Amino acid sequence: MGKKLKQQRRGKGSNAYRKPPNTFKADVAFRPSVANKAVGEVIEFIDDPGHTAPLMRIRYEDMSESILIAPEGIKIGDKIEEGPEAHISLGSILPLSKIPDGMPIYNIESVPGDGGKLVRAAGAYATLVSHAGDKVSIWLPSKRTIELNANCRAEIGTVAGGGMETQPIMKAGKNFYIKHAINAKWPVNRGVKMNPVDHPFGGKQHHKGASSMVARGAPPGAKVGHIAARRVGRKKRG
């Protein structure tokens, strides 16, 4: 089989592919659902290298705390509300059934109670398109529309930190440390630039190689490229 592919080495979990210890500062998730409404205050912002967006620490009236993704425009001392009876305000957490059409939202639950899984990157937001019974249509930043349970919760607003990628990186070394902080291996070399022993696409720099389509039952060392694809390349006109 030759050398293992990079994804196989990462899956093994050696020290070269593990995240640095104590790197991520907080896990971001909604608290369990409240019956009516809970009010909290923003007391601190957190710069977590594990997230592209800044985080905010919320202290509620019962002195409990949670950490959430900060929306664009919020500041320390602002109030947020949580629950089915919460008001529509920046950073508030409501079920999708209580959010009006056209509202920008983020940190959306894919299943009721999972704590928020969708649209969490800096500068991202989704748009609530329509309500239909117990389903709600959401227009994602990828331009894809999905339907979710109306009991799923989301935060109101746009994720903060949208301009973080505007400034050019300038040096390859800086990008290495940015990727290293979030446990992302960089640079990523193309398979055709490798030797045949390192990758199934290797050794093809000076001529057209074989098709990148591989069978579903291919061995692990060859299972890379278009796996069990119906077709590749441009569609024929007419």
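Read the figures in this text as sums done on the coordinates, not as results from a lab. Please read these numbers as outputs of a predicted model, since none were measured by experiment. Please note: Cβ atoms are built from the backbone with ideal geometry, for glycine as well, and neighbour counts cover all protein chains shown.
Nearest-5 percent of antiparallel DSSP beta bridges in region 38-156?
Roughly 95 percent of the beta bridges in region 38-156 run antiparallel, per DSSP.
Measure nothing fancy, just the Cα-based angle from helix 172-181's long axis to the longest principal axis of the chain, in degrees from 0 to 90, nearest 10.
With rounding to tens, the tilt is 60 degrees.
If the chain between Ser142 and Lys37 were fully stretched, how many nm would it gain, using 0.36 nm times the residue separation less the Cα-Cα distance?
Here the segment from Ser142 to Lys37 would lengthen by 34.6 nm.
Would you mind listing how long the chain runs along its three principal axes, going by Cα atoms, in whole Å with the largest first?
Principal-axis extents of the Cα atoms in the chain, largest first: 65, 49, 33 Å.
Under 5 Å between amide H atoms, partner at least 5 residues away or on a different chain: which partners does Met213 have, H built in plane at 1.01 Å?
His226
Below 8 Å between Cα atoms, with a sequence gap of 6+, how large is the relative contact order for region 38-156 in percent?
Reported as a whole number, the value is 22 percent.
Taking the Kirkwood radius as the inverse of the mean 1/r across Cα pairs, report the Rg/Rh of region 38-156.
Taking Rg over the Kirkwood Rh, I get 0.95.
Any chance you could run the full-extension gain for Arg231 through Ile182? It's 0.36 nm times the residue separation minus the Cα-Cα distance, nm to one decimal.
Here the segment from Arg231 to Ile182 would lengthen by 14.2 nm.
For the chain, what's the relative contact order in percent, using C-alpha pairs closer than 8 Å and at least 6 residues apart?
In percent, rounded to a whole number, it is 17.
Under a straight-distance cross-link criterion of Cα-Cα below 20 Å, which lysines are reachable from Lys135, leaving out those fewer than 8 residues away in the same chain?
Lys98, Lys117, Lys143
Where does the charge balance sit around Leu90 when Lys and Arg score +1, Asp and Glu -1, over other residues with C-beta under 11 Å from its C-beta?
-2
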